[in-house]
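Here's the structure we're looking at; comments come further down.
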Amino acid sequence: MKRRALLAAGGATLLAGCGFQLRQAPDFAFDSIVLNAPASSPLAAELRRSLAANGRVEVVAPASVPAPAASASAPVAARTGQVVFDLPQELREKVVVGLNASGQVREFQLRLRIRFRVRTPQGRELIPETELLQQRDISFNEGAVLAKEAEESLLYRDMQADLVQQLMRRLAALRSV
């Protein structure tokens, strides 16, 4: 028993010595964020959940921030370090990429494409308009249509989770607001 404890302590010491550290919650340079996205957007809902789960950033309703073209004297729901996340496009695509000899579909490519930008309430761009794309290939079988629909749904959810993680990393990389 002592030998096992000694080995575990030795392993922990080696990991600590090499600089190994578990991933921690991201540290954002802003206190609050406005998610300017359609209410029906599943990606915006997941991003909102991820930001709320972090506990360090308040997600503010979009009505409290003026458009970037608004005058500087317009009232702003101001907490220091507030940013606005605009999501003008979220597009799900399903493209045929493979057919069999008789012309029946055998493979699809699923794509989830978003365009976003991050700015201050005054309109200064922190992240210019950027497009992110996730894609997955899925085979198709007429005999298992319901199973393939469920698989398609899971793949879209997986792509959405990947995009949210990319967005969280990009938001955490902002250093000046």
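Read the figures in this text as sums done on the coordinates, not as results from a lab. Given the structure is predicted, the values throughout are model-derived calculations rather than measurements. Here the Cβ is made from the backbone with ideal geometry for all residues, glycine too, and neighbour counts use every protein chain on show.
Each Lys and Arg Cβ is given +1 and each Asp and Glu Cβ -1; about its Cα centre, segment 25-173 then shows a dipole of about 320 debye.
In segment 25-173, a dipole from Cβ-located charges (positive for Lys and Arg, negative for Asp and Glu) runs towards its positive end, and of LEU51, VAL105, PRO121 it is PRO121 whose Cα lies farthest in that direction.
The simple spin-label model puts a point 7 Å past each Cα toward its Cβ; for GLN166 and ALA53 those points are separated by 1.9 nm.
A compact globular protein would have a Cα radius of gyration near 2.2 N^0.38 Å; the ratio found for segment 25-173 is 1.28. Packing, taken as the mean count of other beta carbons within 10 Å per residue, orders the peptides 156-164, 4-12, 113-121 from highest to lowest as 113-121, 156-164, 4-12.
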